[in-house]
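Student: If you scroll down you'll find the structure; I have some questions about it.
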Amino acid sequence: MAKMNKGIFGPVLGKLHNLVFSSWKGKNYAKKAPVVLPKGKKRSQSPTQKASQEKMRFISPFQTPFREYIKIGFKHAAEGKTELNASYSYNYNKAFVGEAPNISVDYSKYSISVGKLPMVKDILITLSAFDTLSLSWKKDTKKGTTFNDQLMMVIYSPEMQMADGFTGGMNRCNEKGSFIFNEALRGHLVYVYFSLTSFDRKRVAESVYWGKLQL
């Protein structure tokens, strides 16, 4: 049964005949109701559908450690979908290669953000202490930038399936800073990503892959 909680001019919610009406992120949707199969009977899938599902099972847990960074980096690309789904779509054929059971990640092509905010340049990283990374960069104050654009950094260990990083606290114009990382990552190889967001998070840069780093 469908309901109209706000009267005849409001959105329809629920099921009406073979359609399901819903509302999400302020937008109204209607889709065909799924066919209910008899108990014990499974829906047949095409080889393409099976391959897509296997790839999704690989990608979803991979993205989990990046979740908080993706929520910022793909905020403005999530039209009608979640930030994780936007990242999934963007990276699906770009960074995840092969087919099950031989799917792998091209870390150099994985993106944690998409946007047009100009990025900083010439980022350098050194391991300056047991658990500390020293960073430096060139601010690149071209049109469209502001002094307090916020640096975002993510380091990811495939072995630990763990990500660490920050999403602010260092401004574009600082041109240097330091980051104390999780001690559990000490001794592990990590892949490093950078991005920028405006202070109000309304703009974001296309992320860059910095490279590999042994902690």
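Quick note: the coordinates plus some simple rules give every number you see, no bench work behind them. Because the structure is a prediction, the values reported are computed rather than measured. Cβ placement follows ideal geometry from the backbone for every residue including glycine, while neighbour counts extend to all protein chains displayed.
Student: Provide Tyr193, Tyr209 in ascending order of the number of other Cβ atoms located within 10 Å of each residue's Cβ, fewest first.
Tutor: Starting with the residue having the fewest Cβ neighbours, the order is Tyr209, Tyr193.
Student: Mind checking which of Pro61, Val192, Trp137 is farthest towards the positive end of the range 47-214's charge dipole, using Cβ charges of +1 (Lys, Arg) and -1 (Asp, Glu) about the Cα centre?
Tutor: So the residue we want is Trp137.
Student: Another question about this same structure. When the expected Rg is taken as 2.2 N^0.38 Å, what fraction or multiple of it is the alpha-carbon Rg of the range 47-214? Provide the component values of the computation, followed by the final result.
Tutor: On the way: Rg = 16.3 Å, N = 168, 2.2 N^0.38 = 15.4 Å.
That ratio works out to 1.06.
Student: May I pose another question? I need Glu206, Glu183 ordered by Cβ neighbour count within 10 Å, fewest first.
Tutor: Least to most surrounded, the residues fall as Glu183, Glu206.
Student: With the cut-off at 26 Å, tell me which of the pairs Lys50/Lys71; Lys109/Lys202; Lys55/Lys75 have Cα atoms farther apart than that.
Tutor: Working: Lys50/Lys71 28 Å; Lys109/Lys202 24 Å; Lys55/Lys75 23 Å.
In this structure, Lys50/Lys71 exceed 26 Å between Cα atoms.
Student: With the cut-off at 1.5 for a/c, could you classify the range 89-135 from its C-alpha gyration tensor as rounded, prolate or oblate?
Tutor: Numbers: a/c = 3.92, a/b = 1.59, b/c = 2.46.
Here the range 89-135 falls in the oblate category.
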